[in-house]
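Worksheet: one structure, shown below.
The values are calculated or read from the model by the stated rules, or taken from the named source; none is laboratory data. Nothing here was measured: the structure is a model prediction, and the numbers come from that model. Cβ: placed from backbone, ideal geometry, glycine included. Neighbour counts: every protein chain shown. Protein only, heavy atoms only, side chains kept; ligands, DNA and RNA dropped before computing areas. Shrake-Rupley method; radii C 1.70, N 1.55, O 1.52, S 1.80 Å.
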Amino acid sequence: MSKPVRKAIFPVAGLGTRFLPATKAMPKEMLTIVDKPLIQYAVEEAMEAGIEQIILVSGRGKTSMSDHFDHSYELEQTLRARGKTEALKSVTEWLPKPGQVTVMRQQEPLGLGHAVWCARNMILDEPFAVLLADDMILSKPGCLKQMVEAFNETGGNMVAVEEVPHENTSRYGILNPVEDDGKTVRAQGLVEKPDPSVAPSNLAIIGRYILQPDVMVELERHERGAGGEIQLTDAMARTIDRIPFHGLRFDGRRFDCGSKEGFVQANVAYALNRPDLRNRVMNSLQEFCRLESDN
Ligand code: G1P
């Protein structure tokens, strides 16, 4: 059996240009779904899956993210003094333990593969997870936990997959499947962002990965792929002959929070999923829709 998955890399160095002006002075991973930033959802999902070491691969001007995972003594002191127990819990309960969060810098924006490679000295010879915070998956248990369970059976490399409309293959890493039991798909090849005319399937990689350290060796080559970037998909593809590669069709609903539409949808879905908000939000939405259709 493979070693347990204890470490997770969170590539969070992107500029977030699709969300300007919101991301002018704030990291896109700090954008909020209901009342929590994207990065907190991803870190909580990882910890639920048994991850012990959180590795943020960050960039300049993004220190608010590391502050978010640290104590805020002034705030906590004030909340305590005012007896605001619930508010205090909301900022402390989920905090990782001392030493669990490491922040590295990706000094140049050379692609997802390069961001992952920046964390190589933290990974060494263990399998590791990668989570892209702007892919949100609403599910119980969380997507990464589902993957860890499947990975304990298959080993090798594993990604979360979802069928996407064929015309959208050029937005994703796409699997070339060879065996498919309806849940787990074994792939014999991978292509990053293929044109729909040449895409081997419509099974797309969603931002959750469990990878063997061998992928770091491939990334070391710094080969450029789609868009001139060092692609994680290409590095995984180069190991496919010797390391089994599986996609897991996860249970849950995925939101592409890198797009404005997906971000708004996630806010609505996560609000409806909250018992304290569900009824009020549902009523307001019904009212909005009625008014809109009357116009
Ligand atoms: C990245 C990966 C791609 C994957 C996608 C999932 O692309 O390169 O293979 O399908 O994430 O969100 P990006 O969205 O960063 O362009």
Is it true that ASN152 is more than 11 Å from the ligand (Cβ to nearest atom), within 19 Å of GLY182 (Cα to Cα) and either touching a residue at least 40 places away in the same chain (Cβ under 8 Å) or over 17 Å from the mean Cα position of the chain (by Cα) (or both)? yes
Pull up the stretch 92-104, narrow it to residues that are open to solvent by 40 Å² or more (accessible area, probe 1.4 Å) and either part of a loop (DSSP other than H, G, I, E, B) or within 16 Å of the ligand (Cβ to nearest atom) (or both), then point me to the one that is nearest to GLY225 (Cα to Cα). GLY99
One residue from PRO200, PRO194 being over 21 Å from the mean Cα position of the chain (by Cα) and within 12 Å of the ligand (Cβ to nearest atom): PRO194
Sort out which residues of the stretch 105-124 are open to solvent by 30 Å² or more (accessible area, probe 1.4 Å), in contact with a helix residue (DSSP H, G or I) (Cβ under 7 Å, 6 or more places away or on another chain) and within 11 Å of VAL12 (Cα to Cα), and write them in order of number. LEU112
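Name the residue, out of LEU211, LEU219, LEU248, LEU232, that is open to solvent by less than 70 Å² (accessible area, probe 1.4 Å), within 11 Å of the ligand (Cβ to nearest atom) and at pLDDT 95 or above.
LEU232 is the lone residue from the list that is open to solvent by less than 70 Å² (accessible area, probe 1.4 Å), within 11 Å of the ligand (Cβ to nearest atom) and at pLDDT 95 or above.
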Among the residues of the stretch 255-285, write down those that are open to solvent by 40 Å² or more (accessible area, probe 1.4 Å) and either within 16 Å of the ligand (Cβ to nearest atom) or touching an Asp or Glu at 6+ places or on another chain (Cβ under 6 Å) (or both). ASP256, LYS260, GLU261, GLN265
